[in-house]
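Scroll down for the structure; my scribbles are underneath it.
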Amino acid sequence: MLLPILLALAAPQTAGKPALTPLTQVSGGPRPAEQLALRFDAADLAIEVLPATKRLRGVATLRFTAKAPLERLLIDLDKNLPVSAVSIDGVALQSAAWSNPDGRLVIMPPAPIPAGRSMSVRIAYGGTPHVGINPPWADGVVWSKTKDGRTWFATTAEGYGCDLFWPCLDFPTAEPAQVDLHITVPAGLKAPANGVLLGVDRHADGRTTWNWRAKRPNTYAVALNVGPYEELAATYKSRFGNTIPMVYWHLPGGRAKAEKLFAEFAPTLDFFESVIGPYPFADEKVGVVETPYKGMEHQTINAYGNAYAKTPEGFDDLFHHELAHEWFANQMTAANWDDYWLHEGFATYMQPLYGEWREGRARYAAMMDRQRLRIDNRAPLVRGKLLTEEEVYEPAKGGAGQDIYFKASWMLHTLRWLIGDAAFFDATRRVVYGRPDPKPGDFQPRYATTADFEAAVHAVTGKDHRWFFDVYLRQAALPELVTSFQADEGLEMTWKVASGKPFPMPIEIEIDGKRRRVEMATGSDLVPMPSAARVVIDPDARVLKRSKQIEEFRAWQARQ
């Protein structure tokens, strides 16, 4: 998801309607055993978008394999999209065999399902989908109009989940192996979506059906986009030797601005491929679509609604952030929302890295400095339990909120300095691709956890950095470096951490213009120097630590 500083477009008057059940508002977290016992093999979704009535009509054919015996199927679906028919392996069920009182469709098959059996479940459904209150943060569908009054429609579902508009298993590790989308729209409109375009069917009444196929999409990254789009397309020649289609679907009337954004696609791809590794969905496309809300990392069809904003860095940070998620959310998906920082922390750190790649250390430092002012330290980034998306994203629910972006980014900045560039990027590739030497075609989308990243760091450094991750990820308060001059001895420095755990973080200091690295192996050290020496601690701001001056600035800022 995009950075929370961005402001959403004004919400339509129907925002928040129809209301959602508490269950539908939950994505991830503890799940029923019946859902965990299903392997999601494929989804075939035929969805018609009906702008005149602001409704959706769909038929979902879902293929599952039972990993354990089952007496019922539990499939997540917003009850505002009532089911009209269900069949299993072509056998129609009586209406008494299914119910959906609270947002979880319960289907009773004619007979118990044994372990190892594969099945096809066909669900016909339709209704009025929930309109997002403040998409993409409080998400749902968005019904909008272009300047000339034509339909402009989009979905966003990261917070509440895929069940807002299609029947699915709404938790991170329930990605289908394949999703086919057949999106039917009124005459004159297009429907760009995930994956590869298989073809467009044209109906006698002018409607069209857009047929797409995507492999292993993140469930919340499946997206519908409808509008009178124009297209910019080109082919990117990768440094790995392969070629990748690039497409930008934009609204009419904005071609000049669209061309400038499209010109950023190739250099941004080259940056990611050079510092992280191969674009994960090269056999599908790099796709971006202009949307009536700010943005979202929809796999191979990233949503863009930044109005072509300018930045002092000279690149569109929203486009860049969402593209980063193709690696950090779509290729590597957090197995538990508790590990959400793996998505947002890495994606946020990529913008200053790109600034450095383009312009050097000064730009990087300036961008990191802006991020530093936004760290809250109200809750740990990782709590060590199965959580819902909102329990991580919402401070009111105990979550770390924007710290999963900015504190996590600064933690990565500090780790990079601690272990060095080679080890840092090696560990990053391992957690993204599951291997240190990815090449196009030799890796698949994967799930990852905080523990996986810690293991990758251990593998490339040969050292246990649990002390580092415990302090930065598993406690809210930042470590504090306490300093004092000891008469005739020098400067004493001691790390103070809220948990009281060891924190042997090295620190660089400058003494009368000369720099040295103090290892702090025991968490404390005494540096001999005359009391009149001029000392600067951490002169390049490499280490994330408590800053009283930033705390005072933020308190003053809050009072204004």
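The values are calculated or read from the model by the stated rules, or taken from the named source; none is laboratory data. This one's a predicted model, so the numbers in the text were calculated from it and none came from an experiment. Reconstructed Cβ throughout: ideal geometry from the backbone, glycine too, with neighbour counts over all protein chains shown. For the accessible areas, the whole protein counts, side chains as well, though only heavy atoms, and no ligand, DNA or RNA atoms are used. Shrake-Rupley method; radii C 1.70, N 1.55, O 1.52, S 1.80 Å.
If you go through the range 284-339 and keep only what is at positive phi and aromatic (Phe, Trp, Tyr), you end up with just 308. Where residues in the range 49-93 are among the β-branched types (Val, Ile, Thr) and under 29 Å from the mean Cα position of the chain (by Cα), which of them is farthest from residue 119 (Cα to Cα)? So the residue we want is 49.
The sole residue among 174, 193, 187 that is buried (at least 24 other Cβ atoms within 10 Å of the Cβ) and not β-branched (Val, Ile, Thr) is 193. The set of residues in the range 221-257 being open to solvent by less than 20 Å² (accessible area, probe 1.4 Å) and without any contact (Cβ under 8 Å) to a residue 40 or more places away in the chain consists of 232 alone.
Consider the range 531-542 and keep the residues that are surrounded by 11 or more Cβ atoms within 10 Å (Cβ to Cβ) and farther than 24 Å from residue 364 by Cβ. The one that is modelled with the lowest pLDDT is 531. With respect to residue 87, determine if the residue is farther than 30 Å from residue 228 by Cβ, in contact with a Lys or Arg (Cβ under 7 Å, 6 or more places away or on another chain) and surrounded by fewer than 18 Cβ atoms within 10 Å (Cβ to Cβ). So residue 87 passes the test. The residues of the range 187-214 that are among the aliphatic types (A, V, I, L, M) and under 22 Å from residue 152 (Cβ atoms), listed by number, are 187, 189, 191, 193, 197, 200.
Quick one: in the range 262-285, of everything that is among the aliphatic types (A, V, I, L, M) and in contact with a Phe, Trp or Tyr (Cβ under 6 Å, 6 or more places away or on another chain), which residue is surrounded by the most Cβ atoms within 10 Å (Cβ to Cβ)? Taking the candidates together, the pick is 276.
Conditions (1) over 30 Å from residue 531 (Cα atoms); (2) in contact with a Ser or Thr (Cβ under 6 Å, 6 or more places away or on another chain); (3) touching a residue at least 60 places away in the same chain (Cβ under 8 Å), marked per residue:
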residue: 415; (1), (2), (3): yes, no, no
residue: 424; (1), (2), (3): yes, no, no
residue: 434; (1), (2), (3): yes, no, no
residue: 455; (1), (2), (3): yes, no, no
residue: 466; (1), (2), (3): yes, no, no
residue: 471; (1), (2), (3): yes, no, no
residue: 482; (1), (2), (3): no, yes, no
residue: 487; (1), (2), (3): no, no, no
residue: 494; (1), (2), (3): no, yes, no
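A single member of 86, 106, 142 is in contact with a strand residue (DSSP E or B) (Cβ under 6 Å, 6 or more places away or on another chain) and more than 22 Å from residue 26 (Cα to Cα), and it is 86.
Being part of a helix (DSSP H, G or I), open to solvent by less than 10 Å² (accessible area, probe 1.4 Å) and not β-branched (Val, Ile, Thr) is the filter here; which residues of the range 398-407 pass it?
Hits for the range 398-407 are 401, 403, 406, 407.
The sole residue among 290, 322 that is among the charged types (D, E, K, R) and under 29 Å from residue 435 (Cα atoms) is 322.
Looking only at residues in the range 310-341 that are surrounded by fewer than 22 Cβ atoms within 10 Å (Cβ to Cβ) and of a type in the set (Gly, Ala, Ser), the one that is nearest to residue 296 (Cα to Cα) is 335.
Among the residues making up the range 383-396, those that are open to solvent by 10 Å² or more (accessible area, probe 1.4 Å) and under 21 Å from residue 449 (Cβ atoms) are 383, 384, 385, 386, 388, 390, 391, 393. Residues that are of a type outside the set (S, T, N, Q), within 28 Å of the chain's Cα centre (by Cα) and in a loop (DSSP other than H, G, I, E, B) within the range 190-224 comprise 191, 192, 193, 195, 216, 217, 222, 223, 224, listed in sequence order.
Of all residues in the range 358-370, those that are open to solvent by less than 80 Å² (accessible area, probe 1.4 Å) have Cβ atoms under 8 Å from Cβ atoms of residues that are outside any helix (DSSP H, G or I), 6 or more apart or on another chain, in 363/313; 365/540; 365/541; 367/313; 368/541.
Checking each residue of the range 299-309 against the condition of being within 29 Å of residue 540 (Cβ to Cβ), touching a Leu at 6+ places or on another chain (Cβ under 8 Å) and open to solvent by less than 10 Å² (accessible area, probe 1.4 Å) gives no match. Within the range 236-259, the set of residues being assigned to a helix (DSSP H, G or I) and either touching an Asp or Glu at 6+ places or on another chain (Cβ under 9 Å) or not charged (D, E, K, R) (or both) comprises 255, 256, 258.
Checking each residue in the range 196-218 for being open to solvent by less than 10 Å² (accessible area, probe 1.4 Å) and either aliphatic (A, V, I, L, M) or touching a Phe, Trp or Tyr at 6+ places or on another chain (Cβ under 8 Å) (or both) picks out only 214.
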